[in-house]
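Below is one structure, written out as structure tokens, with a few remarks after it.
The values are calculated or read from the model by the stated rules, or taken from the named source; none is laboratory data. Being a predicted model, the structure only gives us computed values, none of them experimental. Note that we place each Cβ from the backbone using ideal geometry, even for glycine, and neighbour counts take in every protein chain shown. All accessible areas refer to the heavy atoms of the entire protein, side chains included, with ligands and DNA or RNA removed. Shrake-Rupley method; radii C 1.70, N 1.55, O 1.52, S 1.80 Å.
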Amino acid sequence: MPLGDSMTDDASAKDKPKTAREHCPECNAERVCDVHGHVYVPWHWEDKQNGYSMNGGVDHSLLQCRGCETVFYLHDSWNDEDLNYWYGPNGETQGEYARTKITYPKPESAAKPVWLDAIGKIDSQLQAILNEMYVARDNEAYILTAVGLRTALDRGTEVLGIDPAKTFAEKLSDLQNGGWIGATEHDILEVITDAGNAAAHRGWAPDSKDIDQLLYAMEVFLQRAFIVGKKALSIKSTIPPKPKRQKVAKTS
Ligand SMILES: [Zn+2]
């Protein structure tokens, strides 16, 4: 938008078209999107003592990709300190405010499991821990991701009815004895426990491959315990002696 246009005028934002070409986080490419909602919020900051001021604004939009139908939020901001310049046909300097665009979810978050909301209905704290863990993963903060995985495992076992005062080793044994996990899952989850410990106390710095493996193992556990076998959760105070074995197709 040329500088001459009034960016701080609310009215200009209301003339937005019903569609927009924006970056869809699911397709991870520019797509035509339906604009389901939009609000423009201008801001002004002033340092009166030093006679300095700044202006900017944020376009908040709720969009839906016409390709994959994903609904996402777009935070599209500008400020008068950040300008792009070019020369017009008569050599005159022209410019426009640079736009910084962030979508939620971010493109990487498309890897989040679809059943995360279902976990939130069972235990909002577990979902909150998992959400923060995914944010850490998306930002390549792998130590915090490993710690988050361990915290999520701790909370997950508590929701299943295992005494939170028990040690991790005892909790994992309870999971296995209660039929929630098999020997293979037990060993993988033991790695998550160690990974979180090592990252927190021994300076171990996992890479993205390590995290992918741990995350996958954790997701298998969570999906089996809370999504596939969630009917057994009606008994919270005790571990069910032996839930019916669910035949789970191996995904790898
Ligand atoms: Zn899309």
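Just to check your reading of the model, which residue among 169, 165, 205 is of a type in the set (A, V, I, L, M), more than 28 Å from the chain's Cα centre (by Cα) and not in a helix (DSSP H, G or I)?
Just one listed residue meets the conditions, 165.
Among the residues of the stretch 20-40, what is the count of those that are open to solvent by 60 Å² or more (accessible area, probe 1.4 Å) and part of a loop (DSSP other than H, G, I, E, B)?
Looking only at that region, the number is 2.
Quick one: which residue in 97, 134, 104 is of a type in the set (Ser, Thr, Tyr), touching a residue at least 12 places away in the same chain (Cβ under 8 Å) and within 20 Å of residue 220 (Cβ to Cβ)?
On inspection, the qualifying residue turns out to be 134.
Looking for whichever is without any contact (Cβ under 8 Å) to a residue 60 or more places away in the chain, under 19 Å from residue 119 (Cβ atoms) and under 27 Å from the mean Cα position of the chain (by Cα) here; the options are 157, 193, 145. Which one fits?
Going through 157, 193, 145 in turn, the sole match is 157.
Say we look at the stretch 36-84 and pick out the residues that are more than 22 Å from the chain's Cα centre (by Cα) and among the aliphatic types (A, V, I, L, M); which of these is farthest from the ligand (Cβ to nearest atom)?
The residue in question is 54.
If I ask for residues that are part of a loop (DSSP other than H, G, I, E, B) and touching a residue at least 40 places away in the same chain (Cβ under 8 Å), which ones from the stretch 172-184 would you list?
Within the stretch 172-184, 178, 179, 180, 181 qualify.
Could you list all residues from the stretch 140-162 that are modelled with pLDDT of 85 or more, in a loop (DSSP other than H, G, I, E, B) and open to solvent by 10 Å² or more (accessible area, probe 1.4 Å)?
141, 161
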